[in-house]
């Protein structure tokens with residue numbers, strides 16, 4: 001393993017660097033002009049970065065100053081300082097105006113040159129398929145910072161490990177008296193588990209967290225982490241109750257997903273589970289039929305989520321009827337003000353769902369007027385702010 005070095009570095013003489021608390025030491029991972037990932041070992045400190053030959057890492061890009069920035073050791077920590085560069089040094093897209101203590105997976109920009117900080121000798125930290133190399137890394141020039149690496153990756157991995165996982169539940173209530181599942185008008189029928197984040201360095205919104213997961217290609221892992229945490233937490237609070245729980249389209253047909261449900265059963269999680277299968281995942285009849293059979297073997301029911309978003313997936317609904325069909329809120333919100341033709345479309349879909357033996361659930365109900373029309377159309381279950389806002393699990 002090598003790094004690019006040159007004599008004549010200003011400042012204190014460089015010394016061999018090893019951090020016993022962090023394994024063998026650190027490296028900077030970057031993206032070469034051909035798109036390949038390469039890494040540079042930080043084996044001496046101070047470690048200079050810039051255009052001139054006296055730096056440990058020479059990056060001859062126009063956006064860098066001759067002596068752009070320097071990595072140092074201060075009080076046993078790895079610290080980055082900008083050396084008065086023209087175009088700035090950034091950590092996780094925040095410009096430095098003083099020394100900054102670094103952490104694994106921080107994304108660093110020296111002008112337009114982008115790197116990720118990694119640890120040597122730390123399992124899973126070294127870049128796959130790349131070696132510590134000697135050629136220069138140059139990120140594509142531009143007016144904005146490049147985005148080869150994802151800021152807050154380290155904190156996201158902490159979230160997957162259990163730090164900052166949280167959740168909330170929202171009530172699902174009956175819309176009619178005497179429905180086939182016994183839900184009465186306005187009476188609680190079930191709860192939906194909703195993902196929430198509580199990591200101090202990450203957003204709480206699941207939408208933003210799943211965007212971050214998509215950048216890292218780890219949506220299924222995030223969905224799994226939220227579901228496991230939420231259901232195991234709910235087990236002591238809603239034992240015996242019906243709980244709807246989401247799946248990500250990328251995990252619905254994976255063996256790990258089904259194995260996790262079986263593990264919940266073995267561990268005594270006494271919840272009547274309803275697995276929500278997103279509409280975009282319901283595309284292959286054979287796989288959906290197999291999933292339905294395997295869920296039935298475990299005594300788990302399922303629902304088609306966001307029904308009617310984009311297209312209704314009528315073929316899948318007819319071939320593999322679900323226990324519940326959750327109508328997308330775009331069909332429900334404002335239905336009291338909708339045209340007669342739109343009401344007829346929704347009413348016909350509800351009738352079709354009933355004929356196939358499924359229960360129709362209206363999602364996104366926010367007003368009494370919307371709820372009244374949903375009852376008239378024939379929805380058996382209602383969910384939305386009108387029936388109850390989400391409540392943090394800890395407050396149950």
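When 303, 296 are checked against the criterion of being in the same structural domain as residue 279 (by TED's automatic domain parsing), within 22 Å of residue 261 (Cβ to Cβ), modelled with pLDDT of 95 or more and surrounded by fewer than 15 Cβ atoms within 10 Å (Cβ to Cβ), a single residue qualifies: 296. Of the residues 169, 173, which single one is within 19 Å of the chain's Cα centre (by Cα) and at pLDDT 50 or above? Only one candidate passes the filter, namely 169. Looking only at segment 230-253, which residues are in a helix (DSSP H, G or I) and crowded, with 20+ Cβ neighbours inside 10 Å? Listed by number, the residues that qualify are 230, 231, 234. Annotation note: Cβ proximity below 7 Å between a residue of segment 218-239 that is without any contact (Cβ under 8 Å) to a residue 60 or more places away in the chain and assigned by TED's automatic domain parsing to the domain that holds residue 256 and a residue that is part of a loop (DSSP other than H, G, I, E, B) and surrounded by fewer than 17 Cβ atoms within 10 Å (Cβ to Cβ) (sequence gap 6+ or interchain) occurs for 220/254; 235/270; 239/270.
Taking the criterion of being surrounded by 23 or more Cβ atoms within 10 Å (Cβ to Cβ) and at positive phi, no residue of segment 362-380 qualifies.
For segment 60-71, name all the residues that are buried (at least 16 other Cβ atoms within 10 Å of the Cβ) and either without any contact (Cβ under 8 Å) to a residue 60 or more places away in the chain or closer than 24 Å to residue 152 by Cβ (or both). Give the derivation first.
First, the residues of segment 60-71 that are buried (at least 16 other Cβ atoms within 10 Å of the Cβ): 61, 63-65, 67-71.
Selection gives 63, 64, 65, 67, 68, 69, 70, 71.
Assessment of segment 266-282 against the conditions (over 23 Å from residue 214 (Cβ atoms), more than 22 Å from the chain's Cα centre (by Cα) and assigned to a helix (DSSP H, G or I)) yields at least one matching residue. Listed conditions (1) surrounded by 14 or more Cβ atoms within 10 Å (Cβ to Cβ); (2) out of contact with any strand residue (DSSP E or B) (no Cβ under 8 Å at 6 or more places or on another chain); (3) closer than 25 Å to residue 267 by Cα are all met by residue 212, apart from (3). Among the candidates 184, 265, which residue alone is over 25 Å from residue 380 (Cα atoms), surrounded by fewer than 20 Cβ atoms within 10 Å (Cβ to Cβ) and at pLDDT below 95? On inspection, the qualifying residue turns out to be 265.
Can you say whether residue 370 is over 30 Å from residue 197 (Cα atoms), assigned by TED's automatic domain parsing to the domain that holds residue 259, at pLDDT below 95 and touching a helix residue (DSSP H, G or I) at 6+ places or on another chain (Cβ under 6 Å), as far as the supplied structure shows?
Taking the combined requirement at face value, the residue does not satisfy it.
Taken together, 53, 6, 32, 75 contain a single residue that is under 34 Å from the mean Cα position of the chain (by Cα), surrounded by fewer than 17 Cβ atoms within 10 Å (Cβ to Cβ) and at pLDDT below 95, which is 32.
The values are calculated or read from the model by the stated rules, or taken from the named source; none is laboratory data. Here the structure is a predicted model, which is why all the values come from computation and not from measurement. Heads up, the Cβs are rebuilt from the backbone with ideal geometry, glycines too, and the neighbour counts pull from every protein chain shown.
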